[in-house]
Amino acid sequence: MGLLRIVAARELTERARSKAFLISNVIILAAIGGAAMLPQLLGDPGLHRVGITGHASAELATVVEAQAAGGGGTVEVVELDDAAAAESAVVDGEVDFAIVDGTTVLTDNGLPGSLEPVLQLGSQSLALEQALADAGVPPGERSRLLGGGTLTVEQISTPDTDREAAQDALATAGPVAYLAVVALYGLLIFYGQWVAQGIVEEKQSRVVEVVLSTVSTRQLLAGKVLGIGVLGLGQILLIAAAGTVALLFATEIEPPPGMAPIVAVVLAWYLLGYAIYALLFAVTGAIVARVEDLQSAATPIIIVIVAGFAAAQFALQNPTGTVAVVLGYVPLTAPLIQPIRVAAETATGVEIIIAAALGLATVAGLVPLVARLYAGGVLRTRARVRLRDAWG
Amino acid sequence: MLELDDLTRHYGDVRALDGLTFSVEPGQVFGFVGANGAGKTTAMRIVMGVDRCDSGAVRWQGQPVDADARRQFGYMPEERGLYPKMPCRRQLTYLARLHGLSKSDAADRATRWLTHLGLADRADDKLEELSLGNQQRVQLAAALVHDPTLLVLDEPFSGLDPLGVDVMSEILLERAKQGVPAIFSSHQLELVERLCDAVAIIDRGRLVASGTVADLRRREQPMLRVDVDAPDPHGWVKGLPGVIGAEPNGQGVLIELAADADSDALLDAARAAGRVRHFGFVEPTLAQRYREVVVGPEEQVA
Ligand SMILES: Nc1ncnc2c1ncn2[C@@H]1O[C@H](COP(=O)(O)OP(=O)(O)OP(=O)(O)O)[C@@H](O)[C@H]1O
Ligand SMILES: [Mg+2]
């Protein structure tokens with residue numbers, strides 16, 4: 001154990017000092033900072049500026065405000081002098097659109113979303129109220145007539161509420177889950193390849209023979225995987241911390257309520273995913289003789305990770321779909337899918353436990369296989385070793 | 001004492017070791033020589049546990065050698081290797097810790113050996129920034145940094161300048177004086193002859209000769225070199241009793257005598273032939289002895 005720790009400590013500290021690691025940290029912090037600053041630089045997309053002229057328009061503007069508030073946005077109402085002022089305000093982009101005398105809406109690139117029918121309805125009811133007033137109906141009676149609709153909405157079937165609930169959850173947790181999956185994807189490739197590269201570098205420089213006269217192949221392999229994994233864990237914690245700080249202080253987006261479970265599940269799946277992929281990458285390192293040949297040997301593994309990432313994007317659109325459910329169990333893709341299933345609040349406790357158990361079982365199954373291939377390949381430093389020979 | 005006992009190792013059809021047996025005594029500087037492909041590296045790798053043998057055993061102090069024993073050995077592999085991008089002191093400290101030293105001891109020893117080898121001012125440079133010869137000094141430091149109980153050095157002198165050779169030789173002799181044996185392979189037989197207490201010569205995976213340098217140079221049949229000023233400097237030898245063989249050697253003749261031959265009678269015969277300028281026994285150099293045992297007797301006749 002003592003030797004394993006010494007090996008792991010070297011892997012960790014030598015890489016922590018490396019340029020590649022420092023640069024990756026700078027890029028990550030810059031990316032998180034940039035992502036946090038972006039909405040402020042571009043202006044808040046949830047803010048509508050509405051120009052109005054005349055009393056009737058003000059009444060309509062309240063309809064817009066009510067509609068916007070429902071969607072989480074805010075509306076700023078700007079009073080304008082007349083139709084000409086409203087027109088130039090729209091053209092100059094001072095307001096998103098202008099309501100003139102409660103009868104005309106001026107806009108340069110269309111009304112956002114569902115606003116037009118709302119405005120139509122609003123203007124109809126205003127006109128109706130005016131007509132009732134003209135007919136001498138007293139105000140109390142008018143509001144009873146206008147507001148007293150008795151339409152009740154009754155839901156008689158449950159069309160895919162799971163999916164809707166999931167998408168509701170993702171509406172707030174989605175961006176965080178997505179960023180987490182991007183980070184996981186990057187880290188699995190980056191740190192997994194670092195394991196392979198570390199192994200080949202030791203072979204290519206022949207230092208492996210000196211080291212292996214003091215430690216066993218298992219200790220060297222385990223120390224390398226652990227040391228690099230801990231460094232990656234440090235980096236993902238940095239990402240989580242920087243991301244949380246950015247969410248709390250630099251943006252107006254509220255952190256989703258499920259933030260803590262998402263972070264926990266991402267960390268857990270980083271550990272499992274890293275363990276699986278680091279072991280697979282270790283095999284490529286053990287059979288290849290030169291760092292230059294690593295890329296081609298590692299291609300199949302990288303393809304699987306990229307495919308998992310693509311599936312994760314798909315799962316983000318449809319977190320309850322068969323693809324997301326199935327790949328959420330497959331140990332090679334689960335690390336990138338499970339965080340989304342959890343963020344969408346669709347993963348049940350049983351699912352989480354089964355997926356994690358499958359992941360752990362995969363790691364446990366890989367360890368002896370990889371240890372054997374590594375032991376068979378790592379001292380054959382001259383040429384690429386066939387898997388069969390490394391096994392033999 | 002290190003014992004190699006009947007080691008065999010096959011690589012496919014190649015027999016790298018074929019029943020190799022010899023032992024290294026405490027405090028010995030032990031030379032390990034043999035042609036390219038004779039199996040020296042294979043044997044040393046098996047001693048260090050980075051290769052396995054098909055059969056046979058390696059014993060250290062009478063016990064089969066295990067990981068704990070090996071951790072006390074110092075090893076310099078044939079293909080040198082340290083971490084190119086790691087500063088010298090840091091990697092020596094790391095290796096010393098793998099050999100079981102505490103953190104502070106390891107750092108102390110690393111600094112001490114770098115200083116001893118004249119690399120104090122390069123201690124914090126990356127290995128790859130050093131010249132090849134200096135990298136080799138660091139490699140030697142890596143084999144010595146934990147005060148090993150045995151040194152296993154595969155061609156430690158190759159690539160060293162004359163000063164480097166001296167430094168390396170001094171260190172080996174000085175360690176041996178402390179009781180630490182060193183086994184090293186080399187193709188520089190004069191060096192082996194000068195440095196070693198004992199030598200093993202192997203050929204195609206088998207031991208063909210071993211013993212102290214003096215033992216190896218001593219012959220069953222003594223050799224005599226005689227230079228005579230005579231019209232025929234070689235012819236006078238023919239037919240003399242006790243002469244097994246003779247071959248011209250420059251101005252004189254090299255005579256192989258039977259063990260019980262009477263050399264005085266030979267001197268008389270030489271005197272009779274002409275003025276004797278040189279008459280003396282010669283010991284073969286290690287290199288000559290090596291050629292005899294490695295090339296094989298049938299070629300010697302020719
Ligand atoms: N990994 C290997 N795979 C196949 N054959 C090998 C391997 N290592 C050594 N051999 C063979 O074993 C034999 C002994 O090689 P070894 O390297 O031990 O010789 P050596 O005495 O060290 O030679 P040199 O003086 O050239 O260093 C050679 O025939 C060599 O080709
Ligand atoms: Mg060799």
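Among residues that are more than 19 Å from A:Gly2 (Cβ to Cβ), at pLDDT 95 or above, part of a helix (DSSP H, G or I) and away from ligand 2 (no atom under 16 Å from the Cβ), B:Leu114 is included. Of the candidates B:Gly81, B:Gly27, the single residue that is more than 16 Å from ligand 2 (Cβ to nearest atom) and under 22 Å from the mean Cα position of the chain (by Cα) is B:Gly27. Might you check whether a residue that is in contact (Cβ under 8 Å) with a residue 12 or more places away in the chain, in a helix (DSSP H, G or I), surrounded by 21 or more Cβ atoms within 10 Å (Cβ to Cβ) and within 16 Å of ligand 1 (Cβ to nearest atom) occurs anywhere in the range B:137-149? Looking for residues that are in contact (Cβ under 8 Å) with a residue 12 or more places away in the chain, in a helix (DSSP H, G or I), surrounded by 21 or more Cβ atoms within 10 Å (Cβ to Cβ) and within 16 Å of ligand 1 (Cβ to nearest atom), one finds none in the range B:137-149, hence no.
Contact map, the range A:359-375: residues that are assigned by TED's automatic domain parsing to the domain that holds A:Gln219 paired with residues that are aromatic (Phe, Trp, Tyr) and part of a helix (DSSP H, G or I), Cβ distance under 7 Å, separation 6+ or inter-chain. Pairs shown: A:Arg372/A:Trp391; A:Leu373/A:Trp391. Looking at the range B:162-278, the strands (runs of 3 or more DSSP E) lying wholly inside it that each contain 2 or more residues that are within 16 Å of ligand 1 (Cβ to nearest atom) and among the aliphatic types (A, V, I, L, M) sit at B:198-203, B:206-212.
Can you pull out every residue in the range A:195-219 that is over 14 Å from B:Met86 (Cβ atoms), hydroxyl-bearing (Ser, Thr, Tyr) and surrounded by fewer than 24 Cβ atoms within 10 Å (Cβ to Cβ)? Within the range A:195-219, A:Ser216, A:Thr217 qualify. The set of residues in the range A:6-22 that are surrounded by 14 or more Cβ atoms within 10 Å (Cβ to Cβ) and more than 10 Å from every other protein chain (Cβ to nearest Cβ) comprises A:Ala8, A:Glu11, A:Leu12, A:Arg15, A:Ala16, A:Phe21. Of the candidates B:Leu195, B:Leu153, the single residue that is within 16 Å of ligand 2 (Cβ to nearest atom) and modelled with pLDDT of 90 or more is B:Leu153.
Within the range A:205-234, the residues that satisfy the criterion of being within 7 Å of chain B (Cβ to nearest Cβ), touching a Phe, Trp or Tyr at 6+ places or on another chain (Cβ under 8 Å) and among the aliphatic types (A, V, I, L, M) are A:Val207, A:Val210. On the stretch given as the range B:35-75, residues that are within 12 Å of ligand 1 (Cβ to nearest atom), more than 14 Å from chain A (Cβ to nearest Cβ) and of a type in the set (D, E, K, R) total 1.
Being at the interface with another protein chain (Cβ under 10 Å from one of its Cβ atoms), under 19 Å from B:Ala182 (Cβ atoms) and either surrounded by fewer than 23 Cβ atoms within 10 Å (Cβ to Cβ) or touching a strand residue (DSSP E or B) at 6+ places or on another chain (Cβ under 6 Å) (or both): is that true of B:Gly100 here?
no
Being under 30 Å from B:Arg97 (Cβ atoms) and modelled with pLDDT under 90: is that true of A:Gly51 here? No: the conditions fail for A:Gly51.
For the range B:2-34, the set of residues classified as β-branched (Val, Ile, Thr), within 13 Å of ligand 1 (Cβ to nearest atom) and buried (at least 20 other Cβ atoms within 10 Å of the Cβ) consists of B:Val33 only.
The values are calculated or read from the model by the stated rules, or taken from the named source; none is laboratory data. Note that the structure is a prediction, hence the values are computed from the model and not measured. Here the Cβ is made from the backbone with ideal geometry for all residues, glycine too, and neighbour counts use every protein chain on show.
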